[in-house]
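Peer 1: This structure is in structure tokens; I'll ask about it shortly.
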Amino acid sequence: MDDIDRELECLQDSDDDSDISAKGRKKPRLSLGNPMPGETSRETGFHQSTRVCLEHIREAMLHHRWQEAAEYMAFYPQVLEDLDEGSTPKYKEIIWRLSTEILHHHPNSTLEDYNNIYERMKHAGVKHYLMISLEHAFHLLLHGHIEDAKLQFSACGSWRYGNNVAHYQATKLIQAYRSLLDYVTWCDKKHTHSYTVDQDDSVSREMSKYFRHASANLKEIVKYPGVWDPFILSYVEMLEFYEDYDTALKVLNDYAYDNSFPPNPNAHVYLYQYLKRRDASKKRLAKVLKILRALVPSHELMLEYSSLLLQSEKITDVHKALGIVLDMLDFACWRNNLDVWKRLKAVIQQLQCTEENWKTLVLDTMSGRKDWWPVLHFTSFHASKDSVNPELMEVKASLKRVLCPDTLLKYTAEGGTSTEWTLGGKRKH
Amino acid sequence: MDYKFPDQLFPSFYERGPPDKVLNHCAGNWGSYDKLTIQDDSGSRSNWTFTSRHQVKGETWRHTEPVPLPLLSPLNEFLWPTKPPNPLDFMDHMQNFFLDHRHDAFGCMSQILGENFNFTQGTKEKRHKDSISMWRVTRYLDGLSFKKCRLRDRSVPLNRYSALLGDVVHAIPPQLLGSLLYEELAEQGERLLFSEAATGGALEFIPFSHNGDGYLVYPGNQGLNRLKFHRVELQRHRGSHSVLRSSSSDSFSFHLNGPIRQISSASLFNNSCVAVRSDYLCGVWRFSGGGEQPRLLQAVNTTEVATCVTASPHVLGEVLVASESGVVNLWTVGRGMQKVRGEDGNLYFNAESPWRWCDFSAHPRVMVYADRTGAELTDIRVSPVSARSLFSISRSSDCHRGERLVLSRYLRDVHSFHHLVTTQFSSYIVDERFPGVPVLKWDHMMESPPLFCHVLPGSASSGSVVGGAGTTKVVLGSQRSQELVLLQYSGGGATACSSRGPPLALLRPSTSLKHLPVQIPHRLDVATHRLSSSAAGLTCVQRTGGEGVEDECICVLQLTEAGDVFYQILEPQQQQIHIPDVEPQPMPSKPVASSSPSSQLFTENDVIGTTQKERQTFADSDESEDGGQRRRRLKQLKLQVVVNQPDEDEDDDDDDDEDDDPGTQEKDGEQSDSTEKEALCSSMSVVNISEDALVTWKRWLQKLMKKSRKKKKKPRPPGSQLFTADTEGFLRLRRKETREDKHVRSLRRDLRTCMSKRSLLAFSAPTLQPLPQAVDTDTWTDPLSRRLTISWQGEAAWRAWWEEELGLNRAEKEMALRRKRTREKERKRAAGRLELSGSFTSSTTYQAELDSFSDSAGWTSGSQCAWSDTDGLEDTVGGITPVPTTTVSPLKTVEGEYEPQTPSRSHDVSVSQTPSRSHDVSVSQTPNRSRDVSVSQTPSRSHDVSVWQTPNRSRNVSVSQTPSRSRDVSVSQTPNRSCDVSVSQMNDTPAARRASVRPAEGDHTSVLASQVKPLLSHHNVVEDNSGVRSPQSVSQQSVPQRDVRVNLSLDSAVWSGFFQSRPLSQSSRGHVGLSQSSQSSQAKKKKPRMGF
């Protein structure tokens, strides 16, 4: 990760590009800004006019003057006549991006225009073929042309040009999306299938065909580190349908626990949901949630986790549940949530039942929080705000005595209007 | 619902390692959808919805004005170089230092050495005995301020002294000073381009309530060291746009010990806490409620340069302070600092940057620690800090090479788990529950890195316009280029984040002058300079619509380093677009759709290849390039221009083509046209500047000008470039003083008179340069020269010369000579008699007529100036002397209507009339070449006419030739009257005639009018007299001039031509024309001469 030399070198590069004009000036350490093509010494009139045209288009687009941008855009493709081989792919990408964006916002654009642009730019150069194909298919999908998109995907599925990472990834993505569309068809078939009373073999055969198509590619893509939520969901659903639980579990486990994957909370959620569907043991569920808790202590599944722990009757688990709920209440989004406060109350009540020195236990857990929790939850301002929700206020008020017994802050509704205000826990009164 | 995490995230590859993508184009991620997710809506069949990570449509917000408005009047004159200094200029700076602060630069040594040098001549004995006389060196040094030849002008003693003392006289060694200065200049240049100290921005708005009322906190003075709390309110006026008003009374200010770099604020339950960062100082103010005076809670000095201060959104009074040493402190106000994290190096790789940043996160005890390489979540409760990577410049964030983190911001109220991270190229939304992989990425398309940002939560009402929840708006601001960009995104809760619409560039103050009325250049300079100072902060005021969409608006405020605050107001685009009444002319007979050139132009011939028709459109648009230009200009001129309007010439061209389609298009054309137009309007968003805005700007600019005038600092006077001898006084005339006095006096008097008459005062024409001496070929007497001269006239002349030279034509010549003599004799006799008598008679009749006028004519005082300027012959004017010269006669023949006999060559201009009823005439002619000269007024009341004529009137041939060449004649003709009459008689123009009927002023007019011509013609004639030219050409030239004159005098309702103290001129047009023409005529005259 710390490839310093490379980083520095590239910094040098970009600097060289950006300020040729500034002679003798010490170069800024930070390469600034976007690489707008600047004036160069070898610039011909043709280059200059296309450059100025591009600037105008960009300016118009940034100010959302689409009409004007379209007017300029009509002339910009001339840039493709540039004989400089090196820069043509760049121009092609620029033309494609600009014209597509203009079409997105131009009032007179039609699907034909889009197809025109996509097709032409796709075939104008091999370098961007896959990327533009993918975008083209996305466009068709977003506009409801699923069949056309499928054709697009299959057309570029056999593309073999290019061996760099971007091409490779694009190929994989195209295959994955194609499988996703297979899954869509599969779902539709399943849906019709479930309504038809008689078990039609041909339908199920077709379904399994789609499943095979889809699973081949999906299996492939989920091996690569990445975020594959939609693919995982569809794959697991199909595997479950065909009762291939082991594979499903393996896929989900890999997705959640492979270290090369990013720490995606959804991976754990999917695993948890799957296990829950499969009626796994509470211990197993708790294990999944425990790992999720380490990642995202504020996740809403933590409520389920705490209730799981409460059910276990073990004192350590109750203790854990207390920590979980207190952690949740640290976060801004849960502070006014009645459920969490109720859960906290339940946990403490359970502690009271089972433990004798529950007070010290609670205070131990609270020790790290005692200097900022009161101002986070129990000021008179909170009280006045919570007073619209009396149930919450009641729960909080009862807990305040337990959690922060020695605080001098007033948590009462009346105090809310007074101007008393404490600084960072500095105690007044 | 912030606690919800999206069910599905957009698919993406996850890679580690340093980024290797190179950004090579400027189109950003325009036009791409990024990735898709799929969702089964209802479980029913074929009801799949696809969502793209980049959604095409966002909310449409439009400006209410095309320019940002200044919020406060300009308080100070702030001059700061807008161009980065060139470090190589350090020599100049050192030179300036040596000159301006010589006592500092050479003080010590000069005191020591001073005794031994004697710089004044001849005082050696007074000084130290051994002192060295330096006066010669001094004199040499005095001359150094001029540019001279360094090689030739040398001072040997100076060179020796400089070799001897060069390295000791400096208080600071120049090498050291030079390198330090170079470094400083280089750093200043860098800082001007990008100053990381300003990260975060020094402008905050702290609302009291949701209706757009609150404190604006900013540094409000030149040094940016006065913290101001200024109460502002976003007001809404029914029927018009919202405006931001600042109340003059409710403002508090605090003086700090350094420039304010960043202001961060946090509000909880109506209590607000404002943390302020200066370089070595941080302070925290607080106030509660609406309008309470802010109080300083605590201020601390830091040992290292503080780079970040952030007030906690969780617990009021907690502030995070990061410094360049890499240490982040949690400062609990009132309790002191607690070090929470320290790093010596950068986080992920060595970016060689001491810049550190810190912010809070969703957990009150987890904070974000950031530097140029990335950001980490740090739990400060555990003592060896546990950190998780939130964002890093790496492939996992899809970064580019050279990309660096510029700003990180916790989004607080917008989404409690989201952080905004910006780099030079992109901005990212990072969810701290899924750290390491940004959930959203935009390319913000800004030219310089965004240092300021403000994030506005989406409001439900604005969302209802688009459908769904409102979008969250991110406003990014850059420093140097003042750019502002508005980005939108939605999601983050139950659904994944997706960006909405393309980035929208907002207005910048530096471009606003384009939309304002034109300024005169030096004001434009001041204003441009002022408006283009770097931005120093950014904030937004949002008013969420209480009563629907109409009430909603966003006000974006921008602070510049000059201490000015500009604001622009955005309103959501109404669904019903009000189209201004300027409809395109309804042209039902003409097809509309076919002529929406551009749209079709683009869609049809998108990229490659053009069909026949398209080519035609191309050609047309090429032809109508001017039209397009004009249209754009009109747009700028606030005229609503509808693009769809067909070009008429285009119709002519395309008649054939269009005949096919109109039938079909005509009908649906109108409907589609209207809808299309609406859409176009929405996209074009042409906003006109309102009156109020214009007034605001006008006032602001006026105040700015006043300030800048008051405190104008003169730059160092540029040293004179060349050594010049002092020539002043060499060519001065002795009487200059008195004449000038006199001149001024007369001018004053004239001015007074003119004012009382409410007429124009004429000024003199620019002086004409005397032409160089003409080549006089007659002086060359040798045969060769003569032959050569003659040969210029053509072959015939040359042959004739030869013939004469050789005596071939002798007999012929004798005959001719004889014939000529006899003819001349006859003519002389006849002509002399006739003309003399004629001139006399005519002049007397004029006199008689004039006399009959004199009473009613109401003569006013005034002096008529000499027309001395015409032709640049100061002499010209023959006074009132009627000059019926013989030379006039050829003129007679040419332009018969001018009655060349006019004795009244009254052009003589220099006739002045005293206010007194008497007929005094003073004709004065100054010897000197300037025009004014001839203006004088006779002090005497007598009947005398004084005519001063310069003795050396070289061209005065005309005068001398007049038969009545005595002054008596002129006297007897009694000045102007005679002119009048004569003129009116001689001149045939209707105006003159009319004038002659009417007494009083009318007469003057006519006189004036008619005077012109004779004057000119006379001149030319006079000139002719000198023998060179043909009169015809001259008189012809003079004709147009005359016309000009006539028109001119007729135009001016009350023309007091007689009062013109200076050459008739004023109403400069005529005058200029006159002088020009005379010049040109002269030039023409010269030409042939040269040719000879």
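Values in this text are rule-based calculations from the coordinates and carry no lab data. What you see is a predicted model; the values in this text were computed from it and never measured. Don't worry about glycine lacking a Cβ; one is built from the backbone with ideal geometry, like all the others, and counts go over all protein chains shown.
Peer 1: In nm, what is the difference between 0.36 nm times the number of residues separating A:Ala294 and A:Trp159 and their Cα-Cα distance?
Peer 2: Full-extension gain reported as 44.3 nm.
Peer 1: At a threshold of 8 angstrom on Cα-Cα distance, excluding pairs fewer than six apart, so keeping six or more, what relative contact order does region A:273-405 reach in percent?
Peer 2: Relative contact order for region A:273-405 comes out at 19 percent.
Peer 1: Order of B:362-374, B:487-499, A:209-221 by packing, highest average Cβ count within 10 Å first?
Peer 2: My ranking of the peptides, most packed first, is B:362-374, B:487-499, A:209-221.
Peer 1: In nm, to one decimal, how far is the modelled label at B:Asp92 from the one at A:Glu147, with both set 7 Å along Cα→Cβ?
Peer 2: Taking the simple label geometry, B:Asp92 and A:Glu147 are separated by 7.3 nm.
Peer 1: Which order do B:Lys339, B:Lys228 fall in if you start with the one that has the fewest other Cβ atoms within 10 Å?
Peer 2: In increasing order of surrounding Cβ atoms, one gets B:Lys339, B:Lys228.
Peer 1: Extending each Cα 7 Å along its Cβ direction at B:Val518 and B:Asn270, get the distance between those two points in nm, one decimal.
Peer 2: 5.6 nm
Peer 1: Now for a separate question. Between A:Glu220 and B:Ser386, what is the label-to-label distance in nm when each label sits 7 Å out along the Cα-to-Cβ direction?
Peer 2: Reported label-point gap for A:Glu220 and B:Ser386 is 4.1 nm.
Peer 1: So, one more: May I ask which of A:Lys92/B:Lys4; A:Lys92/B:Lys35; A:Lys150/A:Lys219 have a Cα-Cα span longer than 30 Å here?
Peer 2: Correct reply: A:Lys92/B:Lys4.
Peer 1: Between B:His444 and residues 5 or more places away or on another chain, which pairs have amide H atoms under 5 Å apart, with H built 1.01 Å from N, and which residues are they?
Peer 2: B:Ser426, B:Ser427
Peer 1: Kindly put A:Asp246, B:Asp431 in sequence by how many other C-beta atoms sit within 10 Å of each C-beta, fewest to most.
Peer 2: A:Asp246, B:Asp431
Peer 1: Can you tell me the length gained on complete extension of the stretch A:Glu391 to A:Ser49, counting 0.36 nm per residue apart and subtracting the Cα distance?
Peer 2: 116.1 nm
Peer 1: For region A:247-271 and region A:280-350, what is the separation of their Cα centres, given in Å?
Peer 2: 22 Å
Peer 1: What does the average come to when, for each residue of peptide A:175-182, you count the partner chain Cβ atoms lying within 10 Å of its Cβ?
Peer 2: Rounded to a whole number, the mean comes out at 2.
Peer 1: Which net charge results when you count Lys and Arg as +1 and Asp and Glu as -1 among the other residues whose beta-carbon is under 11 Å from that of B:Thr789?
Peer 2: -1
Peer 1: I've got another one for you. When only C-alpha pairs under 8 Å and at least 6 residues apart count, what is the relative contact order of region A:260-303, in percent?
Peer 2: Rounded, it is 41 percent for region A:260-303.
Peer 1: Given C-alpha coordinates of region A:255-307, what is the ratio Rg to Rh with the Kirkwood estimate of Rh?
Peer 2: Across region A:255-307, the Cα-based Rg/Rh ratio is 0.94.
Peer 1: How much length, in nm to one decimal, is gained on full extension between B:Trp135 and B:Val744, taken as 0.36 nm per residue of separation minus their Cα-Cα distance?
Peer 2: 214.7 nm
Peer 1: Assuming a viscosity of 0.692 mPa s and a temperature of 37 °C, what translational diffusion coefficient in µm² per second does Stokes-Einstein assign to region A:302-346, Rh being the Kirkwood radius over Cα pairs?
Peer 2: Roughly 319 µm²/s, to the nearest whole number.
Peer 1: Now for a different question. Go through B:Lys514/B:Lys707; A:Lys122/B:Lys21; B:Lys441/B:Lys514 and tell me which ones have a Cα-Cα distance over 29 Å in this structure.
Peer 2: Flagged as over cut-off: B:Lys441/B:Lys514.
Peer 1: Moving on. Please average, across the residues of B:312-325, the number of beta carbons from any other chain that are within 10 Å of each residue's own beta carbon, and give a whole number.
Peer 2: For this peptide, the per-residue mean of nearby foreign Cβ atoms is 3.
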